[in-house]
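Notes follow once the structure below has been shown.
A short reminder: the numbers here are calculations on the coordinates, not readings from a lab. These numbers were taken from a predicted model, which means no experiment stands behind them. Cβ: placed from backbone, ideal geometry, glycine included. Neighbour counts: every protein chain shown.
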């Protein structure tokens, strides 16, 4: 039962009586639900077509912005951000509008999801630019051209054990004759739509409200990982789609309670098992959590719980245990240190011992501070999310309480373990992961975990904020303010999604911003003139280019356990300098002299923690092999030099 | 149970095999392959096995997921028989749709629920607006492609020298221009301090590759090549290589 809120709600604002303050706070965060407008049956064609036109103009403005950025023109941010605002605000406003048809909402969230994907595509329209993308492109090339799975990937050793995305993309490339990049675009357009539709249907089933579902999708799209990271050609992009489909199909299994119905989530779990480790882990955590809540819930049908138990066991065996048995060392070697360092770093910061592990918000690894406007929007968004969570938390927690009561009495039903849908309770509690992810993102070692946590936590964040908006804010403030708040959260998602938004000129150690034709040409030169499969050592960016465009075997601490940074960064050629060459049997060294011009955007030249204090490395360090008889400078283009160092280990 | 879609999917997969064998036309192959690989196989498997009854929209989402699962399974099967080829994939899809058809023929009940959502009324002006929006979006993409292709921040000339494989004492000197305009260079190759080859005013147009073979004394250790720019008397590049490395 929904309640009409008194119009003079501002009278609760505390003036002098403490009781009024408590009552105000209680109304603010309490579980009472207010208002639920009926939805008309027919979607509005004029609005849909108008918004399609607006989005296309927005994309054109963004393309103009990127173009201006590539030419180094000052107008780039004006075009680009005008495009982003035009893409985000009108669509967000219409999706959040109280009275529109379900199908229109669904169409518009799909439109926004695809627009956000095109936003990413405009940045790198014809080739893979992201670091992770290049790692997976390497595996995909192996499958497409060598027609083999499980070949070693020196850039990402764990990748061959999770080949689902590469199999899917190369299957389409094989059948269509397309190259891997265009084939992946086709696959990702489908994946994006599927993900957002599945998320919409999932939340709609849990809350029985298409509007809450649409708003959840809208807030989810503000998740920084959704915009770039989960749109990259990397295994997690496929895994999140499979994960949400598993969650959706579990509801279906639970409703039908037939053994046959379990076939569908089983098939999806099988695919997830060979797609991505962390996503499988989060999916398992969700299922285990759901099983616990189903067990706690009173009057839960035993058959539904048994079916869920089967899913949990399957997930644990197929997606967690089996990969660990097959590639224990590689998986633990890859994930273990990151998780360990992240947790340690988090607790050290919690205990007030920063020990150089803290990351400053809105400051890049190279010390570059974000513009004031970005920082304001970012902080404002954080505040708005916090308000949304505070006003939506108890309402969302008690959303499926089987009572018509209002106020805190609803919470008593939850405390008594009586609710209609355990998913709503579990997802609401999952919102606690948001502050955790923010805290992790502020640590040097934990930000990667915090970043990945966002992908899953934002489903909860989206749900809680959506419930807060619909059951509290919409009857109190103007829609324009709600729309502006949602737009700000989305804009902040764009800002937090990447280090640099507008395609610009070359930057040192900036992954996509460091990839340009000269580096690519050099990598291709190695394949043409030296042949494939030579052992190369190079900086982070050239390493990926050599492994992909050059088809070379690159040496790094991640792939081979050989830290090659001292070969380049040491002052002289000493036994310590040439140790990695001998240990890794390195044939060639690639020295990029552009590294000497600036600190790396992402905080590493070759390996993590190799940035010297004070100033970038001197060119003489990178060119020290010029004077050694055992090395030959076989290639020079003025910026990049390649040395033949085979004589050091032959 | 109406099996027209199952039969259609099977015929579609047969057509794909024929197209894969007969033509390299990317458009035709993509139009046939993408729907089959990313949706249709999942659809026919869900229709034939019928694990759950769902509305069309939900069925569509599941069909994509199941198609992915089938594709991944296909990857492992084809890899195990060393058949990860275009024809191998086309045959795999025939096997899946064929199996779904066989199972579907034996079934007598309908699982699919038809679309429950109302579609919006469409007028000519809506179609025109969508058409214009599509054109603008395509224009935005083409503009991004154009700008990316024309971004040449660095002007450079690649210069290299390598021992010629399986040819002891022979070296290969090469130049590739990444400059904006045609350049002239002098190239000098020395071995143990003495000049073994010299080319004057070599003209290299943008993107042009120039290579030349040089024979040096096998007794020498290292050879060095220098690139000079005669227009401003600049020493431009220097490379070196081991003489015996390629032997």
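Under 10 Å, Cα contacts only: if you run a Gaussian network model on chain B, which one of B:219, B:88, B:74 comes out with the highest mean-square fluctuation?
B:219
What do you get for the angle between helix B:26-35 and the principal long axis of chain B? Use alpha-carbon atoms, 0 to 90 degrees, nearest ten.
Orientation of helix B:26-35: about 40 degrees from the principal axis.
Residues of region B:12-30 with backbone nitrogen within less than 18 Å of a virtual label 7 Å along the Cα-to-Cβ line of residue B:85, please, listed as ranges.
B:16-25
Under the definition of partner shielding as Cβ atoms of other protein chains within 10 Å of a residue Cβ, what is the mean value for peptide A:189-197? Present the calculation step by step, with values, prior to reporting the outcome.
Numbers: counts 2, 8, 3, 0, 3, 10, 2, 1, 5.
Average neighbour count from other chains, rounded to a whole number: 4.
Per-residue counts of other Cβ atoms within 10 Å, averaged by peptide: what ranking do you get for B:16-25, B:197-206, B:33-42, highest first? The partial results should precede the final answer.
On the way: B:16-25: 15.5, B:197-206: 13.2, B:33-42: 24.1.
Result, highest mean first: B:33-42, B:16-25, B:197-206.
Once both axes come from the Cα atoms, what is the angle between helix A:277-296 and the longest principal axis of chain A, in degrees from 0 to 90, rounded to 10?
Tilt relative to chain A: about 20 degrees.
Ranking request for peptides A:536-547, A:398-409, A:505-516: highest mean number of other beta-carbon atoms within 10 Å first, then the rest in descending order. Before the final figure, lay out each step's value.
Values: A:536-547: 27.1, A:398-409: 16.8, A:505-516: 21.5.
With the highest mean Cβ count within 10 Å placed first, the list reads A:536-547, A:505-516, A:398-409.
Could you tell me whether region A:415-493 comes out rounded, prolate or oblate from its Cα gyration tensor? Rule is a ≥ b ≥ c as square roots of the eigenvalues, rounded for a/c under 1.5, then prolate if a/b exceeds b/c, otherwise oblate. Write out the running numbers ahead of the final one.
Numbers: a/c = 2.98, a/b = 1.16, b/c = 2.57.
Cα axes put region A:415-493 in the oblate bin.
For chain B, with a Gaussian network of springs between Cα atoms less than 10 Å apart, report the residue from B:193, B:104, B:139 with the top mean-square fluctuation.
B:193
Given the rule -39500 (n - 2.57) for each run of at least 4 DSSP H residues, summed and divided by the residues of chain A, what is its mean residue ellipticity at 222 nm, to the nearest 500 deg cm²/dmol? Write down the numbers at each step before the final one.
Working: 26 runs with 382 residues, N = 650.
Mean residue ellipticity at 222 nm (helix-derived): -19000 deg cm²/dmol.
Okay, helix-only estimate at 222 nm for chain B: each DSSP H run of n ≥ 4 adds -39500 (n - 2.57), divide by all residues, round to 500 deg cm²/dmol; what do you get?
Details: 6 runs with 110 residues, N = 247.
For chain B, the value works out to -15000 deg cm²/dmol.
Once you put a point 7 Å from the Cα of residue A:257 and another 7 Å from the Cα of residue A:585, both along the Cβ direction, what distance in nm separates them?
Output for this residue pair reads 6.3 nm.
Can you tell me what share of the DSSP beta bridges in chain B is antiparallel? A percent to the nearest 5 is fine.
Working: 37 of 38 bridges.
In chain B, approximately 95 percent of DSSP beta bridges are antiparallel ones.
Other chains' Cβ within 10 Å of A:44-55 residues: what's the mean? Mind dumping the intermediate values first?
Working: counts 2, 10, 6, 1, 5, 12, 3, 2, 9, 7, 1, 3.
Per-residue shielding by partner chains comes out at 5.
Could you line up A:569, B:135, A:135 from fewest to most neighbouring Cβ atoms inside 10 Å? Mind showing how you got there, number by number?
Numbers: A:569 19, B:135 11, A:135 25.
Fewest-to-most ranking of A:569, B:135, A:135: B:135, A:569, A:135.
Taking square-rooted eigenvalues a ≥ b ≥ c of the alpha carbon gyration tensor, is the protein assembly as shown rounded, prolate or oblate, where a/c under 1.5 means rounded and, failing that, a/b exceeding b/c means prolate? Show your work: numbers first, answer last.
Values: a/c = 1.96, a/b = 1.63, b/c = 1.20.
The shape class here is prolate.
Let me know the shape class of region B:158-215, please: from the alpha-carbon gyration tensor, a ≥ b ≥ c as square roots of the eigenvalues, rounded when a/c is under 1.5, otherwise prolate if a/b is greater than b/c, or oblate. Mind dumping the intermediate values first?
Details: a/c = 3.02, a/b = 1.65, b/c = 1.83.
Oblate shape, in that a/c is at least 1.5 and b/c is the bigger or equal ratio.
Calculated FRET efficiency, residue B:4 and residue B:99, Cβ-Cβ r, R0 22 Å, to nearest 0.05?
Values: r = 17 Å, r/R0 = 0.79.
Step by step, r from the Cβ atoms, then E = 0.80.
For A:114, A:208, what ranking results if the residue with the fewest other Cβ atoms within 10 Å of its Cβ goes first? It would help to have the intermediate numbers written out before the result.
Numbers: A:114 17, A:208 14.
Placing the least packed residue first, the sequence is A:208, A:114.
Could you tell me what percent of the DSSP beta bridges with both partners in chain A are antiparallel, to the nearest 5?
Working: 11 of 15 bridges.
The answer is about 75 percent antiparallel.
By how many degrees, between 0 and 90 and to the nearest 10, does the Cα long axis of helix B:56-80 differ from the longest principal axis of chain B?
50 degrees
Order of A:155-161, A:377-383 by packing, highest average Cβ count within 10 Å first?
On the way: A:155-161: 21.3, A:377-383: 16.4.
Output ranking for A:155-161, A:377-383: A:155-161, A:377-383.
Using a 10 Å cut-off on Cβ to Cβ distances, tally the other chain neighbours for every residue of A:116-127 and report the average as a whole number.
On the way: counts 0, 0, 4, 0, 0, 3, 7, 2, 2, 10, 5, 1.
So the per-residue partner count for this stretch is 3.
At R0 = 45 Å, how high is the FRET efficiency between residue A:313 and residue A:572 if r is their beta carbon distance? Nearest 0.05 is fine.
On the way: r = 59 Å, r/R0 = 1.31.
The formula returns an efficiency of 0.15 here.
Stretched out fully, how many nm does the piece from residue A:324 to residue A:29 gain, at 0.36 nm a residue minus the Cα gap? List each step's numbers first, then the result.
Numbers: separation 295, 0.36 × 295 = 106.20 nm, distance 4.36 nm.
Contour length minus the Cα-Cα distance gives 101.8 nm.
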